[in-house]
Amino acid sequence: MIGIFDSGIGGLTVLKEIRNQLPDHNFIYIADSAFTPYGEKTTEQIIERSVLITQKLVEKGCRIIVVACNTATALAVDHLREKFSVPIVAMEPAVKPGVKNSVKKKVGILATTMTLASRRYMNLLERFATDTEVIEQPCPGLVELVEAMAIDTDKTSQLLHQYINPLLKKGIDTIVLGCTHYPLLKQKIIEVTGEDIEIIDTAKAVTEQLRRKIESCEIPAKVGTANRFITTGDLMFYKNQLQCYWPMEVAVEQIDLN
Ligand code: DGL
């Protein structure tokens, strides 16, 4: 069984890909809705929540963990790998594919404040962005709007214009979505960028990495239990979110990690 988590429902963009590519595997998805957004929390809080959730997933029988959150990866994945013996697949902004795609050698990265401030992100730049101008844009507020299911609103369009227009002015030809919530805004982002800007996210690449890990660690496929969707926040609200963002009706559960 695969354990997946995010600060909220952003990780569903990764889970969709996992379900398509690895339908033989069950999963438990935990949304840490009580603590969203991670991007505006402290490093200590992000580590603490990531450890608590991973612990829960392992207790519930997960044999491999997917950190479907760039922010939790940036701040907590080293701790998780130190503390837990299960394999941990994590994600980070697609700097390398972004740089490879950019003809003009100008790439914009949209991510949370904490991801862009992390040492891990700096390392990515040092390794892969040597011949390319990378322009970072922290996007406070976007995660909250996605969580609130407020995608088709003036507020969302206004924030996207505010964050993306300066990148367009600087001549970027590629935008990396460095937060798993942002693919849910892709249509709205295209309304700002037009069709000529390449938009890159990492769900497919992470799922490929997960498949390789499952094979090399010989993680067994379905174990007879159903997929589970769990929140640390309000149950009815989570149910509404899943009705909005997940393609089928599912049962939901609530846990208290405190
Ligand atoms: N979806 C997450 C990410 O990929 C977390 C966003 C947040 O909670 O701020 O970074």
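Modelled label positions at residue 42 and residue 237, each set 7 Å beyond Cα in the direction of Cβ, lie 2.3 nm from each other. Panel order for 142, 159, 257, by other beta carbons found within 10 Å of each beta carbon, from fewest to most: 257, 159, 142. For segment 60-128, trypsin sites (Lys or Arg not before Pro) meeting the loop criterion (DSSP other than H, G, I, E, B) and having at most 15 other Cβ atoms within 10 Å: 60, 104, 105. Cβ crowding within 10 Å, taken as a proxy for footprinting-reagent exposure, orders 43, 71, 174 from fewest neighbours to most as 43, 174, 71. For the peptides 129-135, 239-245, the ranking by mean Cβ contacts within 10 Å, running from highest to lowest, is 239-245, 129-135.
Stretching the chain fully between residue 253 and residue 133 yields a gain of 38.7 nm (0.36 nm per residue, less the alpha carbon separation). Here the simple spin-label model places points 7 Å from the Cα toward Cβ, and for residue 126 and residue 161 these points are separated by 4.0 nm.
In nm, what is the difference between 0.36 nm times the number of residues separating residue 24 and residue 113 and their Cα-Cα distance?
On the way: separation 89, 0.36 × 89 = 32.04 nm, distance 3.61 nm.
Gain on extension, residue 24 to residue 113, equals 28.4 nm.
Computed over the alpha-carbon pairs of segment 112-175, the distance histogram in 10 Å steps reads 18, 41, 32, 9 percent, short to long.
Placing unit charges on the Cβ atoms only, positive for Lys and Arg and negative for Asp and Glu, gives the chain a dipole magnitude near 540 debye about its Cα centre. Taking θ as phi - 60° and the Karplus parameters 6.51, -1.76 and 1.60, the scalar couplings of segment 241-258 work out to 4, 5, 5, 7, 10, 10, x, 9, 5, 9, 6, 10, 10, 10, 10, 10, 9, 8 Hz in sequence order, x denoting glycine and proline.
Here the relative contact order of the chain, from alpha carbon pairs under 8 Å that lie six or more residues apart, stands at 26 percent.
Could you tell me the relative contact order of segment 92-218? Use alpha-carbon pairs under 8 Å, at least six residues apart, and round to a whole percent. Before the final figure, lay out the partial values.
Details: 165 pairs, mean separation 43.1, N = 127.
RCO, segment 92-218: 34 percent.
The stretch between residue 170 and residue 60, if pulled fully straight at 0.36 nm per residue, gains 34.8 nm over its current Cα-Cα span.
Just so you know, all these numbers are worked out from the coordinates, no wet-lab data involved. Computed from a predicted model, the values in this text were never measured in an experiment. When we count neighbours, we look across all protein chains shown, and the Cβ atoms used for this are built from the backbone with ideal geometry, even at glycine.
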